[in-house]
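Scroll down for the structure; my scribbles are underneath it.
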Protein chains: 2
Amino acid sequence: MYEGAVQTLIDELGSLPGIGPKSAQRIAFHVLSAEKEDVLRLSRALEEVKDKVRFCDICGNIAESEHCYICEDARRDATIICVVEEAKDVEVIERTGSYRGLYHVLGGAIDPMRGVGPDQLRIRQLLARLGANGVKEVIIATDPNIEGEATATYLARMLDTMQVPASRLALGLPVGGDLEYADEVTLGRAFEGRRLID
Amino acid sequence: MYEGAVQTLIDELGSLPGIGPKSAQRIAFHVLSAEKEDVLRLSRALEEVKDKVRFCDICGNIAESEHCYICEDARRDATIICVVEEAKDVEVIERTGSYRGLYHVLGGAIDPMRGVGPDQLRIRQLLARLGANGVKEVIIATDPNIEGEATATYLARMLDTMQVPASRLALGLPVGGDLEYADEVTLGRAFEGRRLID
């Protein structure tokens, strides 16, 4: 245990995800010897995120005003909605530069073990968006794991009753990967999803 | 890249030791969904450390007033000084509960490759403490690596000219360890330092 303020900082840092007691101590000592101005920049950045950042009223992505920069962008194709679990997934897809439609952030995936059902996700808001606008396709980009697949199956069924075409991202070998190191499930999906070469 | 405040926070977090871009993003998203009050506690803890914490005028340990709680404690044995590299080493030794003397924090170890010589460390202050008080022994507890050993050798020579007895922490097998997993250097030191059983 350290004296007052240092121990308080170690405790606060240790409550962040992925930061154990050793890292918390290391960071606290870094803070101790850092320039005051640098530390103030960090503490202000923490407060600003809480003050300024909210979630987009339309898609649930992070935003600094009512709508996020993607929903605000008139050049985006409003007839396609890509459904993702988390706001960070939006950034991952944006980085590919290959998608020009809009997004819908669910805020998680269906996970009965953790008490997350469809009502805890932003599914109702998604269906409302489909009713109002001329959406031609919903791309379901939930994670390729049990919860993500369950969510995708649930969404596909809902979309089917609403007669909105739904698609799912392709599963297969990662580009630049090595066949030898692919797990059997992925390799199996790569076989199922194989395409004829023209 | 995220919008304004979120990216600023990710950048600031990423400048902390041991926090890469992925962890910084993870923490930023945790902050986004955390209670505002919890985030304010963290940002205040950061600022308080810079406002309140200083280094002890005597030993260089962290302190919230002129002197640290160890130097202030009249029950400590002021005739023994344990020399360590960093303030965190003080806490590690305190946790053993087996040392009742005072400390002296050097602020690092001699490391010519990084431009750290004796003048960059609090060695002058250590020698001043020895001159003034009735110090009977200096325990050199620098790290058991090249820089720590070089520092220990340098200090031992200085203390010898001042005729102050110096000791070095024992090197050997870790308690609870397995002989099989000890590295050769440690095992060699354990042989050199063997003691006769009474």
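Every number in this text was worked out from the coordinates using simple rules, so none of it is lab data. Please read all numbers here as calculations on a predicted model, not as lab measurements. So basically every Cβ, Gly included, is an ideal-geometry build from the backbone, and we count neighbours across all protein chains shown.
Before moving on, here are some points about what is shown:
- Of B:LYS52/B:LYS136; B:LYS22/B:LYS50; A:LYS136/B:LYS22; A:LYS88/B:LYS52, pairs whose Cα-Cα distance is over 30 Å: B:LYS52/B:LYS136; A:LYS136/B:LYS22; A:LYS88/B:LYS52
- Around the Cα centre of the stretch A:1-104, unit charges on the Cβ atoms of Lys, Arg, Asp and Glu (plus for the first two, minus for the last two) sum to a dipole of about 260 debye.
- Three principal axis extents of the stretch A:1-160 based on alpha-carbon atoms, in descending order, are 61, 38, 26 Å.
- Gain upon complete extension [B:LYS52, B:THR153; 0.36 nm per residue less C-alpha separation]: 32.8 nm
- Per-copy distances of the B:THR79 label point, shortest first, in nm (7 angstrom along Cα→Cβ): 9.2
- Cα-based shape type of the stretch A:1-88, given that a ≥ b ≥ c are square roots of the gyration tensor eigenvalues and the cut on a/c is 1.5: prolate
- Candidates A:LYS136, A:LYS22, A:LYS36: whichever shows maximal mean-square fluctuation once chain A is modelled as a Gaussian network with Cα springs under 10 Å: A:LYS22
- Between helix A:36-52 and chain A: long-axis angle, C-alpha atoms, 0 to 90°, nearest 10: 40 degrees
- Length-normalised contact order of chain B in % [C-alpha pairs under 8 Å, at least 6 apart]: 13 percent
- Copy-to-copy label separations for A:ASP178, where each label sits 7 Å from Cα toward Cβ, in nm and ascending: 2.9
- The other copies place their A:ARG95 label points at 3.5 nm from this one, listed shortest first, where each point is 7 Å from Cα along Cα→Cβ.
- For the stretch A:191-196, backbone phi angles converted through the Karplus equation (6.51, -1.76, 1.60; θ = phi - 60°) give residue-by-residue couplings of 5, 3, x, 4, 10, 5 Hz, Gly and Pro being listed as x.
- Using the alpha carbons alone, the radius of gyration of the protein assembly as shown stands to its Kirkwood radius in an Rg to Rh ratio of 1.13.
- Cα centroid separation - the stretch A:1-25 against the stretch A:106-181, whole Å: 38 Å
- Extreme residue, positive dipole direction of the stretch B:74-198, given options B:TYR181, B:THR153, B:ALA78 (C-beta unit charges): B:ALA78
- Couplings for the stretch A:72-89, taken from phi via the Karplus curve 6.51 cos²θ - 1.76 cosθ + 1.60 with θ = phi - 60°, read 6, 7, 5, 7, 6, 7, 7, 8, 10, 10, 9, 9, 10, 6, 10, 4, 5, 5 Hz in order; Gly and Pro are left as x.
- Computed over the stretch B:49-121: relative contact order in percent, which uses C-alpha pairs under 8 Å that are six or more apart: 26 percent
- Other-chain or far-sequence residues with amide H under 5 Å of A:ALA166's (modelled H): A:VAL138
- Closest Cβ on chain B to the rotation axis that carries it onto A (distance rounded to whole Å): B:SER43, 2
- Helix B:146-161 and the longest principal axis of the C-alpha atoms of chain B enclose an angle of approximately 40°.
- Estimated [θ] at 222 nm from DSSP helical runs (n ≥ 4, -39500 (n - 2.57)) normalised by residues in the protein assembly as shown, nearest 500: -14000 deg cm²/dmol
- Net +/- balance of residues flanking B:PRO165 in space, Cβ distance below 14 Å, scoring K and R +1, D and E -1: +1
- Angle in degrees between helix A:123-132 and the longest Cα principal axis of chain A, rounded to the nearest 10: 50 degrees
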